[in-house]
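This report concerns only the one structure given below.
The values are calculated or read from the model by the stated rules, or taken from the named source; none is laboratory data. Here the structure is a predicted model, which is why all the values come from computation and not from measurement. Cβ placement follows ideal geometry from the backbone for every residue including glycine, while neighbour counts extend to all protein chains displayed.
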Amino acid sequence: MSSPKSHAALRTATLLAALATLPAVPAAAQQSAAAQPAALTPRQIAASAHAATLMVHALSARGDTLGIGTGFVVSADGMFVTNYHVIEEAEKLVVSLLDGGRFDQVQLISADPSSDLALMKIPATGLHPLPVGADNRMEVGDKVYVMGNPLGMSGTFSDGMVSGKRPLEGVSMLQISAPISPGSSGGPVMNERGEVIGVATIMVMGGQNLNMAVPVHYLSPMLAQRNATPRPFSPAVLVVNPQAGLALVGDHGGPPRPGRRGGDGPRDPVREVEAQLDVIRPMLQLRGFVPAYPVQTGQAPLEQDQAHEYTLEKGVSYIVTARCDAGCGNVDLGVYDAKDQLVQQDNDRDDFPTISLTPRESGAYRVTVRIAQCAAEPCAYGVAVFRREPMERQARAGK
């Protein structure tokens, strides 16, 4: 058997001989090629991703596991990225490196529910971060690789390609064919150079290899806040986060407002509301939420509460959101329990109020909508209630 050194010498000699026969490459092309990192082998990408990938355990106050997700390191001093929906129901978090190391002191730097991303930190040094690339260079047919923890099977590596680019609720998602499952959420989606170009979310229920990733350009504003003071993770820091709430339509457009181009034609106020709520469904489905009740629409004069009653179950996660027509400028939303006690509210003077809650008791809950600004009374509004499907049901639905 020949030695590794003799094999290396033979490969080097063969490569040099092959290079000698190639035509000269123009200087401009050489510079362009030098600007791009070389493609890596799948084995190299898997090894790099494994060293940077985390398993994120979302726990209840008693320490019970509510769900498992994935994260990936973006700095040697412990900053990592995961999906917002991985952490949004947790009372506390435990984060583990696949290559060893467990952390129960987790901090939040920034969270953006609209793009389903969270930037967090663990007390660690000397980690191996993944490089963040540019998703705008990715086209349909380009190869991608994913590392994650599907159904708790840590360090699962898969490959596929970019299958499409799909606008969902204002977020330009990457559709990928690489297999992912519940537990993969928050995992790195990488190009052939091992650069992260997306963050895995979750499969579309009932689809065959129909999976979505959030492009990394949505991560850029959060990375710009990397020097912000981290806060110990708790449900409270998510509630007070200035970006909290599903501002998915609000931040990225929607039906035209009066005075905007395209907004001067005949209007159907109720349909404007329904169209906004229709846009929300696909993204919430990716996060495991399904409609709990049909959308309720109506018309309301200024500053008068409009109430709708729903039966909510103890321990189930719900998202309650409201929208109003193009003539509306401010909607307030509140949820009250059977004792008429305020459970939660969103009155932050926006057009897109959203409340996430997990009832402590089953029973009747009252949802109130109040329109504070309206160009032409009465303004139309709509209320939608979504509930989180259990993880095992999501997994069955995806098979």
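Would you pick out the residues in region 200-224 that are in a strand (DSSP E or B), in contact with a helix residue (DSSP H, G or I) (Cβ under 7 Å, 6 or more places away or on another chain) and modelled with pLDDT of 80 or more? Passing the criteria: T201, M212, P215.
Let's see how each residue does on (1) closer than 22 Å to S48 by Cβ; (2) among the small types (G, A, S):
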| position | (1), (2) |
| --- | --- |
| D116 | no, no |
| A124 | yes, yes |
| D142 | yes, no |
| Y145 | yes, no |
| N149 | yes, no |
| F157 | yes, no |
| M173 | no, no |
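Across region 43-72, the qualifying residues are those that are out of contact with any Lys or Arg (no Cβ under 9 Å at 6 or more places or on another chain) and more than 30 Å from E91 (Cα to Cα), and the one among them that is surrounded by the fewest Cβ atoms within 10 Å (Cβ to Cβ) is R43. Here is the figure for region 306-355: residues that are surrounded by fewer than 18 Cβ atoms within 10 Å (Cβ to Cβ) and under 25 Å from the mean Cα position of the chain (by Cα) total 8.
Counted as qualifying within region 240-354 are the strands (runs of 3 or more DSSP E) with 2 or more residues that are out of contact with any helix residue (DSSP H, G or I) (no Cβ under 6 Å at 6 or more places or on another chain) and at pLDDT below 90, namely 289-291, 296-300, 318-324, 328-336, 342-350.
Residues of region 138-153 that are in contact (Cβ under 8 Å) with a residue 40 or more places away in the chain and either over 20 Å from the mean Cα position of the chain (by Cα) or within 22 Å of L223 (Cα to Cα) (or both): M138, D142, K143, V146, M147, G148.
Scanning region 113-154 for residues that are surrounded by fewer than 17 Cβ atoms within 10 Å (Cβ to Cβ), among the charged types (D, E, K, R) and in a loop (DSSP other than H, G, I, E, B) returns E139, D142.
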